[in-house]
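K.L.:
I have a structure I would like to understand better, so I am pasting it below and will then ask my questions one at a time.
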Amino acid sequence: MPPPLELPTIQNWSCHNCGGCCQQHLIEITEAERQRIVEQHWETDAEVSRGRPWLVRLGWWPWSRRYRLGHQPNGACVFLDEQGYCRIHAKFGEEAKPLACRIYPYAFHPAGKKITVGLRFSCPSVAGNRGRPVSEQRHELKVLERLVVPESAAEMVPPPVTPGQSLDWSETLQIVASLERQIAEGTGGIVPRVIQALAFVELLGQARFDKIRGPRLREFLEIVAGAAASEAAALPEQPEPSAVGRMQFRLQCAQYARRDTLADCELGWANRWRLFRAAVRFTRGMGLAPPLQPAFVPVPFTELEPAFGPLPAAVDELLIRYLRVKIQSLHFCGRAYYDVPVVEGFQSLALVIPVVLFLARWLAVGAGRRQLTLDDVTRALNIADHHHGYSPAFGQLNFRARVRMLAQTQDISRLTAWYGR
Ligand code: SF4
C-alpha cells in the first residue's frame with residue numbers, strides 16, 4: 001500500500017511559463033535521461049544547436065558519467081525558447097523532460113507513514129499563490145511521488161528535535177503541528193507570530209524529552225505554547241538588534257542575495273573575487289551595498305535601516321503562508337534541510353523573514369521608494385527561497401553557527417521586528 005500524500009491545503013500552483021526556473025538551475029541528469037535526450041536528435045534543431053553543447057559532462061576527469069543540461073550564454077537552459085517554454089516539453093511531451101524539471105517546484109518529504117508535499121517559493125507562481133489548488137492535484141502528484149520517493153522512505157527516521165533527542169514519528173509530527181499552529185493561529189501580522197514561534201522553539205530547546213513521551217507530550221506542548229504566547233505578548237517592543245548580530249545578519253543576507261547560475265560560476269576567479277569583496281562590504285555595512293545580482297542596484301546600507309511603515313496585509317499573508325507551507329511539509333529540518341534538528345531548522349527558517357524584508361527594502365530603495373510593496377517582498381522571497389535548503393553553503397558549519405548565535409542572542413526576533421517596522 002503506497003503511503004498517502006499530505007498536501008498543503010492553503011496553497012495553489014500552476015506553471016505560468018515565466019521561464020524563471022530554467023534560467024537559474026543547473027540540471028544534472030541520469031544516464032537514462034541523457035540517452036533519451038540523445039535520441040531526441042537536437043542536432044537537427046537549428047534553434048538549439050547554435051554551436052553550443054546541449055549536454056555537458058560534469059567533472060574534469062574523462063571517465064565521468066555525470067552530465068547536465070547545457071546553457072545559453074545568459075545562463076538559461078539550452079532548451080528554453082524565447083516564449084519561456086521548454087522545447088523538450090513542446091516537442092515530446094511532459095514525460096520526456098528530466099525528472100528534476102518535472103518535479104519543480106514540488107518537494108516530497110517522507111514523514112513516517114505518509115509523504116508530505118512542499119513547494120519552492122523561488123517560483124513566482126507559488127509565491128503569488130496562482131493556479132489550481134494543490135489539494136486538487138493529488139493524482140498528478142502521486143505519479144511524481146512514485147518516480148522520486150524511494151521504497152525505503154518508510155524506514156527513514158524522524159529528524160531529532162534537538163541534538164541527541166529523537167522521538168518517534170508521531171511525536172515529532174505532533175511537535176511540528178504545534179509549531180505550525182504558532183504561526184497559523186497567532187494574532188497580528190507576521191512579526192508577532194514569528195517572535196512567538198521563536199519563543200516556542202526556544203522552550204522546546206530547553207526540554208528533556210526522555211521524561212515527556214507519549215500522552216504527556218500533548219500536555220507539555222500546550223503549556224509551552226501558552227508560555228510562548230505570554231512571553232511574546234510581554235515584549236511588544238523588541239530591543240534593537242545587537243551590533244554583532246547585525247553584522248552576522250548582513251553576511252547571511254549576502255548569501256541569500258547571490259545569484260549562482262552557471263553563467264556566474266563559469267566566471268571562475270573573477271566571480272570569487274567579486275564575492276569576496278562583497279562579503280567585506282557586507283561585514284562593514286558602510287558605503288554602498290554591492291549588487292550581488294542584476295535585481296539589485298548599489299544603495300547606501302544606511303538607507304535600508306529606517307522605519308518603512310507597517311507591512312501591507314498582503315505581505316503578512318504571503319509570509320505567513322510561506323512559513324506554514326514549509327513547516328507543514330517538513331521543508332525546514334531533517335532530510336529536507338541539511339539534516340538539522342527541528343529547533344535549529346525552524347530558527348533558520350524564521351531568519352528568512354528578516355532576510356526577505358531586508359532584500360525587499362533593497363529593491364524598494366533601488367526603485368526610489370521608502371515603502372514596501374507586495375511585489376518587492378515577493379521578488380525578495382523568490383531570491384531567498386532559491387537558496388534556502390538547496391545551496392550547499394547553507395549547510396556548512398559557519399552558516400549554521402551564525403544562525404545558532406543569532407537565535408541565542410534573541411537577534412532573530414529583534415531583526416524580524418526591526419525590518420518589519
Ligand atoms: S518558475 Fe514556476 S511558473 Fe516559472 S516556468 Fe518555472 S515552474 Fe513555471
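All of the numbers you see were taken from the coordinates with simple rules; none came from a lab. If you're wondering where the values come from, they're calculated on a predicted model, not measured in any experiment. Positions of Cβ are backbone-derived with ideal geometry, glycine not excepted, and every protein chain shown enters the neighbour counts.
K.L.:
Once amide H atoms are built 1.01 Å from N in the peptide plane, which residues 5 or more positions from Gln165, or in another chain, come under 5 Å H to H?
P.N.:
Answer set, sorted by chain and number: none.
K.L.:
Which FRET efficiency, nearest 0.05, do Arg400 and Val38 yield, Cβ-Cβ r, R0 30 Å?
P.N.:
Details: r = 41 Å, r/R0 = 1.36.
Rounded to the nearest 0.05, the efficiency is 0.15.
K.L.:
Out of residues 5 or more away from Ala289 or on other chains, whose amide H comes under 5 Å of its own, with H placed 1.01 Å from N in the peptide plane?
P.N.:
Correct list: Val299, Phe301.
K.L.:
Please list 141-150, 154-163, 18-27 highest first by mean number of surrounding beta-carbon atoms within 10 Å per residue.
P.N.:
Ranked by mean Cβ neighbours within 10 Å, highest first: 18-27, 154-163, 141-150.
K.L.:
To continue, here is another question. Taking amide H positions as placed 1.01 Å from N in the peptide plane, with prolines and chain starts having none, which residues 5 or more places from Tyr67, or on another chain, fall under 5 Å of its amide H?
P.N.:
Correct list: Ile29, Leu58.
K.L.:
Per residue and in cubic angstrom, what volume does the convex hull of the Cα atoms of the range 159-421 have? Intermediate values should be presented prior to the final figure.
P.N.:
On the way: hull volume 30.8 nm³, N = 263.
Taking only Cα atoms, the range 159-421 has a hull volume of 117 Å³ per residue.
K.L.:
Which peptide among 127-136, 390-399, 369-378 comes first, and what is the full order, when sorted by highest mean count of other Cβ atoms within 10 Å? The partial results should precede the final answer.
P.N.:
Working: 127-136: 16.3, 390-399: 12.8, 369-378: 17.8.
Those peptides, ordered most packed to least, come out 369-378, 127-136, 390-399.
K.L.:
Take Thr116, Thr44, Thr283 and order them by how many other Cβ atoms sit within 10 Å, fewest up front. Could you put the intermediate results ahead of the total?
P.N.:
On the way: Thr116 22, Thr44 8, Thr283 13.
Exposure proxy ranking, most exposed first: Thr44, Thr283, Thr116.
K.L.:
Specify the inter-centroid distance of the range 176-202 and the range 314-381, based on alpha-carbon positions, in whole Å.
P.N.:
14 Å
K.L.:
Which of the lysines could a cross-linker span from Lys142 if the Cα-Cα distance has to be under 20 Å and same-chain partners fewer than 8 positions apart are dropped?
P.N.:
Lys97, Lys113, Lys114, Lys326
K.L.:
Taking the mean number of other Cβ atoms within 10 Å as a proxy for protection, how do you rank 96-105, 340-349 from highest to lowest? Please report the intermediate quantities before stating the final value.
P.N.:
Working: 96-105: 18.5, 340-349: 25.3.
Peptide ranking by packing, descending: 340-349, 96-105.
K.L.:
From the convex hull of the Cα coordinates of the range 116-249, what is the mean projected area in square nanometres?
P.N.:
Numbers: hull surface 47.1 nm².
Taking a quarter of the hull surface, the average projection is 11.8 nm².
K.L.:
Let me know the whole percent of all Cα-Cα pairs from the range 3-116 that are separated by more than 21 Å.
P.N.:
Taking all Cα-Cα pairs of the range 3-116, the fraction more than 21 Å apart is 44 percent.
K.L.:
Here's another thing I want to ask about it. Where does helix 313-328 land angle-wise versus the long Cα axis of the chain, in degrees 0 to 90, nearest 10?
P.N.:
Relative to the chain, helix 313-328 is tipped by roughly 80 degrees.
K.L.:
Can I ask one more? Which ³J(HN,Hα) values, rounded to whole Hz and listed in residue order, are derived for the range 290-296 from phi using the Karplus coefficients 6.51, -1.76 and 1.60 in 6.51 cos²θ - 1.76 cosθ + 1.60 with θ = phi - 60°, glycine and proline given as x?
P.N.:
Coupling constants for the range 290-296: x, x, 8, 7, x, 5, 9 Hz.
K.L.:
Sticking with this one: Helix-only estimate, please: 222 nm mean residue ellipticity of the chain, summing -39500 (n - 2.57) across DSSP H runs of length 4 or more and dividing by its residues, to the nearest 500.
P.N.:
Value at 222 nm, helices only, nearest 500: -15000 deg cm²/dmol.
K.L.:
Helix 169-184: angle to the longest alpha-carbon principal axis of the chain, degrees 0 to 90, nearest 10?
P.N.:
Computed tilt is about 80 degrees.
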